[in-house]
Amino acid sequence: MTTDDLPGRPAPSGPPRTRPLDPAGLDPERAALHARIATGPRKAQAGVPLTDERDRLLGPFGVMLFSPRIGDAVQQVGAALRFDDDLPPRLRELAVLAVAVHHRSAFEWSAHERPARESGLSTGQLRAVLDGAVPDGLDAAERTALDVVRTLLTTRDLDDDRYAGVLRELGRDTLAALVWLTGYYAMLAGALAVFRPE
C-alpha cells in the first residue's frame with residue numbers, strides 16, 4: 001500500500017519553491033555534506049527517499065545543503081535519532097508520523113510510512129494516527145509516546161503529573177530521545193514548508 005491508499009493524509013502546502021542542487025555544481029563543503037548524507041547509513045534504509053535519478057538530495061536532505069555547516073549538524077542529529085537504541089523502531093515511527101500529521105508534512109509521512117509498516121504498524125493503525133486517534137493494539141509505551149509527542153506539539157511541555165507518569169513508563173533516556181525526535185522532525189517539517197523542494 002502507498003499513502004494514496006490513505007485518504008486524508010498530509011498534503012503539500014503549495015507549489016515547489018526550490019529545486020534540488022545538482023551534485024556536479026556543488027562547492028567542496030556542500031559536496032562533502034552531499035556525500036555524507038547520500039552514502040551514509042540512511043542509504044540502506046528502505047522507504048526513505050534520499051536522492052533522485054540525478055543523485056540530487058531530496059526533501060529535507062537537499063535543503064540541508066543550503067546552509068551546509070548547520071545542515072551537517074542537523075543531519076547528524078537525524079542519523080542519531082534513526083539508529084539509537086533508546087527508541088524502539090515501532091515507537092519511533094509512530095512518533096515521526098504523529099509529527100508529520102501535526103505539521104501536514106507529506107514528505108515526512110511518505111518517507112516514514114513504509115518503515116512504520118515494516119515495524120508492525122497496520123493500515124488501520126496508520127489511519128488512526130492520521131485521524132488524531134490512538135490506534136488499537138499499541139502497547140503501553142507506544143500509547144505513552146504518542147501522547148507525549150502530541151502534547152509536546154501542542155503545548156511544548158509536560159505537566160508534572162504527566163512527566164512523572166511518562167518517566168515511570170518510558171524511562172528518562174527514552175523520554176529524552178522522544179523529546180529530541182519531536183523537535184527534530186518538527187524542524188524538518190518547517191524547512192520543508194518554507195523551501196517546498198520539488
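Just a few scattered comments:
- Residue count for the range 153-198, restricted to those that are farther than 18 Å from Ser67 by Cβ, in a helix (DSSP H, G or I) and open to solvent by less than 30 Å² (accessible area, probe 1.4 Å): 11
- From Thr151, Thr123, residue being without any contact (Cβ under 8 Å) to a residue 60 or more places away in the chain and more than 30 Å from Glu29 (Cβ to Cβ): Thr151
- Test for Glu118: is it buried (at least 20 other Cβ atoms within 10 Å of the Cβ), within 23 Å of Pro49 (Cα to Cα) and within 19 Å of the chain's Cα centre (by Cα): no
- All told, Asp85 falls short of being farther than 26 Å from Val63 by Cβ, of a type in the set (Asp, Glu), open to solvent by 30 Å² or more (accessible area, probe 1.4 Å) and at pLDDT 95 or above.
- Count of the range 136-151 residues which are of a type in the set (A, V, I, L, M) and open to solvent by 30 Å² or more (accessible area, probe 1.4 Å): 1
- In the condition set (1) farther than 15 Å from Ala100 by Cα; (2) open to solvent by 30 Å² or more (accessible area, probe 1.4 Å); (3) under 20 Å from the mean Cα position of the chain (by Cα); (4) of a type outside the set (Lys, Arg), Ala133 is compliant with all but (1).
- The residue of the range 3-33 that is nearest to Glu113 (Cα to Cα), among those that are at pLDDT 90 or above and touching a Ser or Thr at 6+ places or on another chain (Cβ under 9 Å), is Pro20.
- Residue in the range 84-91 that is over 16 Å from Ala141 (Cβ atoms) and assigned to a helix (DSSP H, G or I) present: no
- Test: Glu142 is part of a helix (DSSP H, G or I), touching a helix residue (DSSP H, G or I) at 6+ places or on another chain (Cβ under 9 Å) and modelled with pLDDT of 95 or more: yes
Conditions tested, residue by residue: (1) closer than 23 Å to Leu167 by Cα; (2) open to solvent by less than 60 Å² (accessible area, probe 1.4 Å); (3) free of Cβ contacts under 8 Å to residues at least 60 places away in the same chain.
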residue: Ala31; (1), (2), (3): no, yes, yes
residue: Ala35; (1), (2), (3): no, yes, yes
residue: Gly59; (1), (2), (3): no, yes, no
residue: Arg90; (1), (2), (3): yes, yes, yes
residue: Ala98; (1), (2), (3): yes, yes, yes
residue: Trp109; (1), (2), (3): no, yes, no
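- Listed conditions (1) farther than 13 Å from Leu178 by Cα; (2) without any contact (Cβ under 8 Å) to a residue 40 or more places away in the chain; (3) not in a helix (DSSP H, G or I) are all met by Ala128, apart from (3).
The values are calculated or read from the model by the stated rules, or taken from the named source; none is laboratory data. Keep in mind it's a predicted model, so treat the numbers as computed, not measured. Here Cβ is always computed from backbone atoms with ideal geometry, including for glycine, and neighbour counts include all displayed protein chains. Heavy atoms of the whole protein, side chains included, go into the accessibility calculation; ligands, DNA and RNA do not. Shrake-Rupley method; radii C 1.70, N 1.55, O 1.52, S 1.80 Å.
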